[in-house]
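Here's the structure we're looking at; comments come further down.
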Amino acid sequence: MAGQKPQIPRSHLPDDVMLEILTRLSVKSLLRFRCICKSWNSNITNPYFIATHLKKNKDRLLYTAFIEKQRCLGVCDEGYNKILEIGIPIPLSYGLIQFAGSRNGLICVVVEHCFGYSYGQPDRVYLWNYSTRKLKTLPSTGLSTSNFAWNSYGFVYDSENDDYKIVRTILDSWMGSQAPWKAEVYSLGSDSWRRINNIDLPFMRPDVRVSYRPNTSAYRPTDYLSPFFGGSLHWLVVKREEENYEQKISHSHMIMSFDVSNEKFRESELPPRLSDEIESGHDLAKLCDYKGKLGLFILTYADGGCQSYISIWVMMDYGVAESWTKSVVVQFHKRVRFFGFTEDGGLVIRKLSDLSDTNFVIRPETSSKKLVVVEPNSRDKILCIGSLFCVTSWKESLVPLCGTNVISWDPEIEYFKSWFQS
C-alpha cells in the first residue's frame, strides 16, 4: 500500500489542504471525482492516497443477518444505529455464507455446503469491497478432500509483503485417527492458491488423534473470524488423545498459529489456570480480538441453561504464555448467545427467552466486574437486527480488487436484487 504522494491538480487551495480535504471524503464521493479528469483519477487511485484515506476512516461495527428471506450485511455507527443494510451479492442457493474476516475494507466471504464440511464439494471464496462495489471470485482451491472434511479459513493483510492472503486448513475425517491434515494459502498478488508442505507440529504425531475444530462449541461450529496478532492467525485446537492399551481418552486445548510472512505453523500450550477452566466444561470457547489484544472467550451454561457465565482471558503481553489474565467475568440470569465484540470491547449477545430473542450490546467493566450501561435509561443498547449471525469491525476503503473474475456490483440495480434473493 506504499506509494509516492500524489500531485493534486492546481486550484486556489494548496496541495496539502486539498489532499487533506479529499482524504476525509467518502468512497462514494471519491469514485465520482475520478470521472472529473485523468489527473484526478490518477491521484485517487494512488497507493499513497488510498493508504492515507484508509487511516482516517473510523472502524464500524459490521454484521451479517438473515432478513426477509435474504442474507444481509449491515453497518452500525458509533451509537450502534444502523446506517447501512444491503443484501449480499452472492446466490444463497449454493450453500451457507460465512465471513472469514475484514481487512482494510476488504471482506472475505466463504460459501460452504454445511457448517464447515465440504461433502466432497469445493467451497466458493470471494473478496468483496462494498465501498467500491467490486466483487472478486477466487479461483478454485487445489486441494481435494473426502466427503467429510473440516475446513477453516483465515483472512489477513500481510504488511511485510504488501499482500492480502487467505489461509485454508483442512482435516479429512473430522474425528478420524491419523487424519491427513492439509493447508494452503491464497495470495491476492498472484491470484492463486499454493499448498503448504512440510507441516511440522508436535501434536500431529501418529499416537495422537486430533479433532481439529477451531473456534467450535459443543453444539455447532462458529464463525471463521480467527484473530490476527503479531503477524499470525490463531486458532483454538482440540487435541483428543487415545491410549489404546488402557482404553482411555483425554482432551486438551492448545493454540495453533500461522505466520503469514514465512508461512509456518506453530503451536503453544495454554497456562494451567486457563487450561483447567476450559477442560472443566464449557459450551463455547473461542479465541478473539479483545480491545486490541489476543483474548479467549469462554461461555458456560448452568442450571439447565437458565444461567450463563462469561469469562474473558487476555494475553496482556503477546507471545508470553504467563501473561494470560482473567479480565472479565459476567453472569446472566438467562441463556445468552454470543456473536462477537465491538471495537471498544462491548459484547454483542442475544438474550434468549420464551417470549422474544433480543440482541444487545453490553460493556463489561473490568474493574468492578459489572455491566456498564450503554444508554442510562434503557440499561443496554438494543440492536434492532433480525436473525444475527456474526459481527466484526470494518471501515470504508479504496483498496482495489484487481485481476480476473472481478465484477462491478451496484445494490440499486434490480438484476442483483433478484440474483442474491435466489
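Brief remarks on what is shown
- Test for LYS334: is it of a type in the set (Lys, Arg) and more than 20 Å from VAL391 (Cβ to Cβ): yes
- Wholly enclosed helices (runs of 4 or more DSSP H) of the range 12-90 bearing at least 1 residues of a type in the set (Gly, Ala, Ser): 27-33, 38-44, 47-56
- Condition met for TYR290 (crowded, with 20+ Cβ neighbours inside 10 Å and among the hydroxyl-bearing types (Ser, Thr, Tyr)): yes
- Verdict on SER311 being out of contact with any Pro (no Cβ under 7 Å at 6 or more places or on another chain), among the hydroxyl-bearing types (Ser, Thr, Tyr) and either within 18 Å of ARG350 (Cα to Cα) or surrounded by 20 or more Cβ atoms within 10 Å (Cβ to Cβ) (or both): yes
- Residue in the range 213-223 that is in the same structural domain as ASN405 (by TED's automatic domain parsing), under 21 Å from TYR126 (Cβ atoms) and either at pLDDT 90 or above or in contact with a helix residue (DSSP H, G or I) (Cβ under 9 Å, 6 or more places away or on another chain) (or both) present: no
- Yes/no for VAL320 being outside the structural domain of PHE258 (by TED's automatic domain parsing) and under 21 Å from SER268 (Cα atoms): yes
- Qualifying residue in the range 29-44 (condition: under 22 Å from LYS395 (Cα atoms), in contact with a Pro (Cβ under 8 Å, 6 or more places away or on another chain), surrounded by 12 or more Cβ atoms within 10 Å (Cβ to Cβ) and polar (S, T, N, Q)): yes
- Residue match in the range 247-265 (condition: of a type in the set (S, T, N, Q), more than 23 Å from the chain's Cα centre (by Cα) and modelled with pLDDT of 80 or more): no
- Criterion: acidic (Asp, Glu) and either over 18 Å from ASP123 (Cβ atoms) or at pLDDT below 60 (or both) - qualifying residue of ASP172, ASP163, ASP191: ASP163
The values are calculated or read from the model by the stated rules, or taken from the named source; none is laboratory data. Everything numeric here is computed off the predicted structure, so don't read it as measured data. So basically every Cβ, Gly included, is an ideal-geometry build from the backbone, and we count neighbours across all protein chains shown.
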